[in-house]
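The structure appears below as structure tokens.
The values are calculated or read from the model by the stated rules, or taken from the named source; none is laboratory data. Given the structure is predicted, the values throughout are model-derived calculations rather than measurements. With ideal geometry, Cβ positions are generated from the backbone for all residues, glycine too; neighbour counts draw on all protein chains shown. Keep in mind that these areas ignore ligands, DNA and RNA; they rest on the heavy atoms of the full protein, side chains included. Shrake-Rupley method; radii C 1.70, N 1.55, O 1.52, S 1.80 Å.
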Amino acid sequence: MQKYGIGQPMRRIEDQRFLTGRGSYADDVVPEGALHGFVLRSPLAHARITSLDVEAARAAPGVALVLTGHEIRRAGLKPIPCMAEMKGPDGEDLITRPERWPLQTEAVRHIGDGVAFVVAGTLAQARDAAELVEVDYEPLPAVVEVDEALAEGAPQIWAEGPGNQVFAFQTGDAEAVRTAFARAAHVVEVDLVNNRVMPTPIEPRACVASYDPEADHLTLRFSGQAVHGLQQQLATRIFGIPKDKLRLIAPDVGGGFGMKNFMYPEWVLSLFAARELGRAVRWVAERSEDFVSDTQARDQRSRVALALDEEHRFLALRVESRANLGAYLSTNGPMIPTRPSAIVMGGCYRIPAIDFRVTGAFTNTVPTDAYRGAGRPEAAYIIERLVDRAAAELGVDPAELRRKNFIAPADMPYRTALGQTLDSAEFANTMALALEKADRAGFEVRREDARARGRLRGLGLASYYEATLGIPEEAAELRFEADGMVSMVVGTQSNGQGLETGFAQIVGEVLGLPPERVRLVQGDTALVPTGGGHGGSRSTQLGGSALFRASEAVREKARELAAEDLEVAAQDLAFEDGTFRVVGTDREVGLLDLAARHRPNGASVLDARAEYTRESFTFPNGCHVCEVEVDPETGSVEVVRYTVADDFGRVINPLLVEGQVHGGIAQGIGQAMLEWTVYEDGSGQLLTGSLMDYALPRATDMPWIDFHLNEVPATNNPLGVKGCGEAGCVGALPAFVNGVLDALRPLGVESIDMPITREKVWRLIDRRRAA
């Protein structure tokens, strides 16, 4: 093992910068003479715009520009695109795609929809001027729930979408499923709600746009996660300019969880205003503004059923879901409830036939898109709730039912009913490890102790696998700089995962370089030529593999160069800790010394670039065991014990991995216990519009997490990694809910929907007692 290499629990390099206040975020960038932008947003969820007068605002003190949608359209800009693809059997587009403009001119369709953009010398001036904009609205009926939107006679949000339907998606073998259900000995059915959540990163969205008139060049510094993809959309799909006329820079990002991957109206408005004025324009959201403009997530209702034979083996799975897409289609919005869920639908089990259907709907709510897990938590929640319900109805041990139906290592590579090929996993061994560490054998004693204290104790189990998704190719360069540092130029992007450290360890493994001699270059289209950015836990599998190959190329070039300098054959050299040594002598030369000596035309001959395209997805998997106590007098739920065993393939840095799992579990428990985006029926007003109303988990809501690894290397990438960034969230949702249901089952409770709030639990218990 290299001193600085793979597998070591090295502390994060970047934390020193963050903890000492030396991070650089979008809001930290304040160019001299910069103007400030403010979006005037609709107070109504659905209304026609009957008149819009901005002349008083344009005459207000300090105002430099007031934009409406009319100016945007007259300038020749195009609508914000939805990039999701869903093709029918004849190649037809299955997605209804009404135009989404950065500012609305005819109608508003959700609370917070933009109608004007005011740019002034100060933010206060822009706010004051926005109050002078006169907008007359004709209110229209609003619909916020997906089932109501799809019901006959519902208010129509788009003429282009009759019945408010966005798409109808189906995959799998419906006839095989019908046949299996017809011959099944047991059928288990459950109605499930996957509640809408707000991603809520610690750093709100922000940007600074600038324009160089001499070069006719735009620059956008912003809090985002996918600079190359957004550069392509902004330049070619919206502004109609060459890509090289637009530079995107994402400095340090204070969390994103997928939400900052997408195109937002404020990026377009700020760039347009900067070009019009020839001055930098800043836009920074407040939290309440984020709550009505950032993409939201989940919001699905499902009717699901599992067919089993006489021996309790799974025969078929049927899933019918309705997904709330919001008022507009976000960048990947229609894709999230469909393909990513389909990739992992059915979970860790041998299920011969699956019929998976999703109907997408428009509503008068903020658009939805990817959030940590992006479709895979929804799929895991479906199958793990079903398996636990089946165990309860059949009177069998939920762990044994899982074990009987797990895909076995001997089955690998295993092709699922929906066409994915799993290359490596030990589902039964990983579950056994989790149950052992959770002391499941001693649970009944703890349950009796809780009962003696007037508490209800439950143990929830969830086995899962997910998939690492995102753009399938990546490139990486190693550049030996004149200052003695080595730049890792990678097209992925960190927003808190610790990539500076993990990538340094990959380079350290191959080249023996200490972490203080390498630096990560990312998030800048002028410095990094290509990239797939963040998304789908892809960074290590793709960016790490490309970096690994680039490191190998450097090592081989350096070996030949060292042999030439030391006047020996290359095979006579040993390489260790960044130094080539002539075997049996004290003659040596360091890698960095070689790079410094050989710099024709200023660049080192050791510089190397490599590309990597994935062969297939990787499949992180694991088992969560969540132990809860319920106070029947108050309805409060406390997580008293939480155990995880995960298979992430070969682990680059156990500390980074554990931190990612902790964060994912916190977001999973947050959704399952507390978080709920609530719109008022009829008006469409957002009732959870601040952190006083939208309940994020606090430290006191989180348990100590007992974390363990069962490393089964992936076979389809050179590092053997599987990804870990979203896995904690995937397993946490069903584990927590199954634990609560186990606690409440003695009262006859069979189902409960997220979020499992105190009030909901108390009312449920109260009704059971009354009955």
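Just a few scattered comments:
- Sequence of ASP113, ASP128, ASP742 from largest to smallest accessible area, 1.4 Å probe: ASP128, ASP742, ASP113
- Here the scattering of segment 3-45 is modelled by Debye summation over its C-alpha atoms, one equal scatterer each and no solvent; at q = 0.21, 0.23 Å⁻¹ the log10 of I(q)/I(0) is -0.86, -0.92.
- Each Lys and Arg Cβ is given +1 and each Asp and Glu Cβ -1; about its Cα centre, segment 441-527 then shows a dipole of about 880 debye.
- 19 Å reach of a label modelled at GLU638, 7 Å along Cα-to-Cβ, counting backbone N of segment 435-478: 443-460
- Charge dipole (segment 1-93, unit charges on Cβ, about Cα centre) - positive-most of PHE18, LEU77, VAL54: PHE18
- Those GluC sites (Glu not before Pro) in segment 193-281 that DSSP places in a loop and that have at most 12 other beta carbons within 10 Å: GLU214
- Note on HIS228: accessible area approximately 20 square angstrom, rounded to 10, probe 1.4 Å, nucleic acids and ligands left out.
- Cβ-based charge dipole, the chain, positive-most Cα from ALA467, PHE427, GLY491: PHE427
- Cα gyration tensor, the chain - rounded (a/c under 1.5), prolate or oblate: oblate
- Per residue, the accessible area of segment 423-575 comes to 34 Å², computed with a 1.4 Å probe over protein heavy atoms only.
- Partner lysines for LYS87 [C-alpha distance under 25 Å; skip if fewer than 8 residues away on the same chain]: LYS78
- ARG403 sits among other residues whose Cβ lies under 15 Å from its own Cβ, and their net charge, with Lys and Arg +1 and Asp and Glu -1, is -3.
- Net charge of Cβ neighbours under 13 Å - reference SER42; Lys, Arg +1; Asp, Glu -1: -2
- Local charge for THR416 was computed over the other residues whose Cβ lies under 15 Å away, with Lys and Arg +1 and Asp and Glu -1, and equals -1.
- Charge dipole (debye, nearest 20) of the chain; +1 at Cβ of Lys and Arg, -1 at Cβ of Asp and Glu: 420 debye
- Pairs from LYS245/LYS557; LYS260/LYS760; LYS243/LYS557; LYS3/LYS722; LYS260/LYS722; LYS243/LYS722 whose Cα-Cα separation, in the structure shown, is over 27 Å: LYS245/LYS557; LYS260/LYS760; LYS243/LYS557; LYS243/LYS722
- Accessible surface of the chain [probe 1.4 Å, protein heavy atoms]: carbon and sulfur percent: 49 percent
- Farthest toward positive dipole pole in the chain [+1 Lys/Arg, -1 Asp/Glu at C-beta], among LEU246, ALA569, GLY739: GLY739
- Under a model in which nothing but the beta-carbon of Lys, Arg (+1) and Asp, Glu (-1) is charged, segment 1-65 shows a dipole of about 400 debye around its Cα centre.
- Estimated 222 nm signal from helices in the chain, with DSSP H stretches of n ≥ 4 weighted -39500 (n - 2.57), rounded to 500: -8000 deg cm²/dmol
- What the Cβ-Cβ distance of THR179 and GLU152 gives, at R0 = 30 Å and to the nearest 0.05, is a FRET efficiency of 0.40.
- Solvent exposure of segment 246-306 as accessible area per residue, Å², 1.4 Å probe: 22 Å²
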